[in-house]
Each structure stands twice: as structure tokens, then as C-alpha cells.
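Single-structure report; data block below.
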Amino acid sequence: MSTTLAQWPTETEEGESRQIHSETMTLNMGPQHPSTHGVLRLVLELDGETVVKVTPVIGYLHTGIEKSCEDKTYHKVVPLTDRIDYLAPMMNNYAYCLAVEKLLELEIPERAQYIRVMMAEITRIGSHLIWLGTHAMDLGATSVFMYCFRERERIMSMYEMLAGVRMMSSYFRIGGVTEDIPVGFDREVTTFLDDMERERIDQYETLLTGNEIFLERTKGVGHISPEDALDLGVTGPSLRAAGFKWDVRKNNPYGGYEKFDFEIPTGENSDVFDRYAIRIAEMRQSCRIARQAIEGLPEGRFRSDHPRYTPPDKKMLATSMEALIHHFKYYTEGFLPPKGEVYVPTESGKGELGCYICSDGSPKPRRCHFRSASLNNLQALARMSEGRLIADLIATIGSIDIVLGEVDR
């Protein structure tokens with residue numbers, strides 16, 4: 001902690017300008033602070049309890065994932081992507097697989113597209129639930145945290161049904177998904193969506209939307225102008241809260257999203273409360289999309305049958321000589337994509353998550369880079385917080401929903 005002198009201009013009764021000397025205090029918030037949502041350090045300059053300046057300091061969780069991708073073959077990169085936004089792993093799988101498939105010009109079966117969309121939206125709900133529970137707890141509403149994690153536990157169980165693990169699923173693969181949905185999975189999804197739409201989301205709103213304390217802590221807090229949000233590269237719910245109707249799923253559809261009917265909620269005030277309201281509305285829309293996907297799930301393959309790029313499924317290996325030949329080609333010819341570079345943007349729960357891949361024609365990517373929503377949104381924290389109370393900073397940090405694994409990479 002240190003102090004510095006700040007000069008504030010003022011006027012005397014005679015109208016003469018003079019300087020008042022005031023001490024400001026420099027304070028480290030984090031990296032251990034529980035309200036910074038990960039290993040984030042903020043260097044704060046404070047005038048009393050008013051925030052004069054905020055400087056985020058990152059790098060405490062640097063994993064080197066992007067560099068590690070260059071040392072792995074394309075298929076082996078998939079498990080690394082789970083660790084970027086580790087609270088929404090299938091979103092990361094999705095962006096990477098789409099980029100590789102664009103590089104290969106690989107066509108994905110319609111059934112695989114529907115399964116991916118369904119799981120991406122369920123993952124979005126799970127991401128928003130974690131955000132809502134922790135954000136509410138930061139502001140003192142501990143009951144909401146327990147309710148949100150009650151539903152998230154069901155999502156983790158669905159992950160386990162599909163992939164055998166609860167978090168780092170690596171379920172999306174280049175060319176489709178690992179396995180087809182198991183027996184009874186459609187019933188599990190439908191029951192979950194019914195509960196969310198009929199009761200659960202309404203419960204969260206009952207506890208928070210009209211709560212006077214919650215409104216006092218969020219209304220008018222953490223405001224950022226639409227112009228600043230655009231200039232700083234803010235995306236996702238934080239951008240839509242500023243009134244921009246921008247969602248990659250609608251504006252630049254990918255993976256079959258053009259086949260689904262849903263709305264893009266927007267706000268007007270660009271404050272903490274609007275970011276909360278947008279995510280509540282988005283959970284309802286995600287339920288709507290996931291229901292369309294599970295009810296309209298077409299028959300067919302869950303993975304591309306291209307002999308060079310996708311291995312055959314287990315059933316084919318056990319029953320078909322053609323599959324055995326396919327399998328032999330897969331391992332003898334190898335995975336050698338064409339030279340070139342691609343970029344694919346997707347809409348994660350936090351904003352635009354894009355994947356850039358540069359190929360030199362070898363079995364490993366020459367460069368793999370992720371455009372993460374959390375890093376760009378974190379840049380806006382200073383603009384949202386300076387000039388307000390330090391207590392408001394806690395609400396503002398939570399409202400932009402950062403994950404440090406996605407910031408540092």
C-alpha cells in the first residue's frame with residue numbers, strides 16, 4: 001500500500017482558481033481476494049472510498065495452452081481447449097473443432113450439428129448459472145448460489161452421461177462428437193428444460209429482480225457507454241446490455257444455428273443490472289434452442305466418415321470390413337491438413353470466442369490462437385469502475401463474468 005498526492009482544482013468565493021492537495025492511496029486487490037473471480041490482481045488508486053484508477057494485472061494463471069497446441073497433433077489439441085474457459089468446456093471444443101473443419105473443408109452430419117447445438121446451449125445455461133450464483137453471493141444473496149448449483153449439478157450429470165466425466169469432457173471432436181447420445185439422454189434433457197422454463201429461472205428472478213438491496217447494488221452501477229464498449233472490444237451479454245443486438249449465432253451463423261428460432265435480448269442502461277437481466281433472458285432462449293434441437297434431432301451419423309480425418313466409431317470397427325480399411329487408412333496416411341489459415345468466431349456464454357489456426361501442412365498446427373471474450377471484456381473494467389465507490393467495484397467485476405483461464409491461456 002502506498003499513498004500519493006493528487007491535486008484537485010476548485011474555486012474560491014471570489015472565483016479565483018486554486019489547487020487542493022489530497023492524498024490518494026494505492027491498494028492491491030487480489031490476487032487472493034475472493035471477489036475477483038480467479039487469480040486476478042487489481043491495482044487500485046483510491047481517494048477515500050472512491051476509485052480513481054483501476055489497473056488489472058494478469059498472468060498469475062498463465063497455462064501456455066496456445067503454445068502447447070503447437071506441440072500436439074490436431075486431435076490431441078481438443079483436451080487442451082477444455083481448460084481455457086473451464087466452466088464452459090464444450091464451448092471451447094466447439095470453436096476449435098469448427099476452425100479445423102473449416103481448414104479441412106470437412107462436412108459435418110446434420111445429427112452431429114444438432115447434438116453440438118444442444119450441448120452448446122446447455123453449456124451456456126451452466127455457465128450463466130455459475131455466474132449468477134457467484135455474482136449474487138458477492139452481493140450477499142447466498143441462497144441464490146445454492147439454487148444455481150442445484151441445477152448445475154444436473155448439467156454435470158448430463159456431461160457424465162455423454163462423455164464419462166463431469167467437467168473436462170472433450171466431447172466435441174473434429175468431424176462431429178465422440179459418441180452418439182445414450183439411451184434416456186433425451187428424456188433427461190427434456191425434464192431439465194421443463195424444470196428450468198416452468199420454475200427454476202422464475203425462482204432466481206423472484207429472489208433478485210425485485211430485491212431492494214440487489215437493485216441498490218446493481219442499478220446505475222458499472223455503466224459503460226455504447227461507444228466505449230465497442231472501442232474496447234466488449235462482446236456478449238455486456239455488449240448487448242449496452243443496446244447492441246449482436247450475437248454471432250444470429251449475425252454470422254455457424255454449426256447449423258441458422259435452423260433454430262430464438263431471440264437476442266438487449267438492454268438500455270448498460271449497467272450491472274442490465275447484464276444480469278440479459279443473462280436471465282439468455283437462459284430462457286438457450287432452453288428454447290436446446291428443446292428444438294432435442295425434439296428435432298435427425299437420424300444419421302454422429303461423426304463424419306472421411307477416411308483421412310475422422311476415425312470410425314466402435315460399432316463400425318466391430319462389424320464392418322469397410323470400417324477396418326477406413327481405420328487402417330486413418331493411421332497410415334495420417335492427418336495432414338492443407339496449408340492455410342482460418343478464423344472462426346462463435347458465441348460463448350461470455351461473448352465472442354474465436355479460434356485462429358495457421359497450418360503449414362504438417363500434422364501439428366503451426367499456430368493456434370483463441371480470441372477470448374474474458375480478456376477483451378476485462379479491458380472495460382476500468383472504464384466501468386473509475387469514479388465510483390470501491391464497493392461498486394465488486395458488483396462490476398462480477399457483472400462482466402471473467403474466467404482467468406480464458407484471460408491468461
- Message: Sort 165-171, 128-134 by packing, meaning the average of other beta carbons within 10 Å per residue, with the highest value first.
- Response: 128-134, 165-171
- Under the Cβ-under-4.7 Å rule, which cysteines of the chain stay unpaired? Cys97, Cys148, Cys287, Cys355, Cys358
- Query: How long is the gain from Arg187 to Gln379 if the chain were fully straight, where each residue apart is worth 0.36 nm and the alpha carbon distance is subtracted?
  - Reply: 64.9 nm
- Query: How far apart, in nm, are the 7 Å Cα→Cβ label points at Thr50 and Cys358?
  - Reply: 4.7
- Based solely on its DSSP helices, what 222 nm [θ] is calculated for the chain when runs of n ≥ 4 H residues each add -39,500 (n - 2.57) and the sum is averaged over all residues, nearest 500 deg cm²/dmol? -14000 deg cm²/dmol
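Work out, step by step, the length gained on full extension between Asn252 and Ile325: first 0.36 nm times the residue separation, then minus their alpha carbon distance; give nm to one decimal.
Between Asn252 and Ile325, full extension yields 22.5 nm more.
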- Three-way shape label, the range 140-290, alpha-carbon gyration tensor, a/c 1.5: oblate
- With +1 at each Lys and Arg Cβ and -1 at each Asp and Glu Cβ, the charge dipole magnitude of the range 65-408 around its Cα centre, to the nearest 20 debye, comes out at 840
- Message: Just want to confirm a number: the relative contact order over the chain, from Cα pairs under 8 angstrom separated by 6+ residues, in percent.
- Response: 24
- Taking +1 at the Cβ of each Lys and Arg and -1 at the Cβ of each Asp and Glu, which of Leu87, Ser170, His223 sits farthest along the dipole of the chain towards its positive end, judged by Cα position relative to the Cα centre? Ser170
- Message: Between Ile213 and Asp194, what is 0.36 nm times their sequence separation minus the Cα-Cα distance? Round to one decimal in nm.
- Response: 3.8 nm
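For an R0 of 30 angstrom, estimate the FRET efficiency from the Cβ-Cβ distance between Tyr86 and Glu107 and round to the nearest 0.05.
0.50
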- Determine the relative contact order of the range 164-294: mean sequence separation of Cα pairs under 8 Å and six or more apart, normalised by residue count, in whole percent. 26
- Note on the structure: Checked against the structure, the computed Rg and Dmax of the Cα atoms in Å among (i) 38.9, 145; (ii) 23.6, 98; (iii) 22.4, 84 is the one labelled (ii)
- Choose one answer from Thr266, Thr24, Thr81: the residue with the largest mean-square fluctuation in a GNM of the chain with alpha-carbon springs under 10 Å. Thr24
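Every number here is computed from the coordinates shown, using simple stated rules; none is lab data. Only a predicted model underlies this, so the values are computations on that prediction, with no experimental measurement involved. Every residue, glycine as well, gets a Cβ built from its backbone with ideal geometry; the counts of neighbours run over all protein chains shown.
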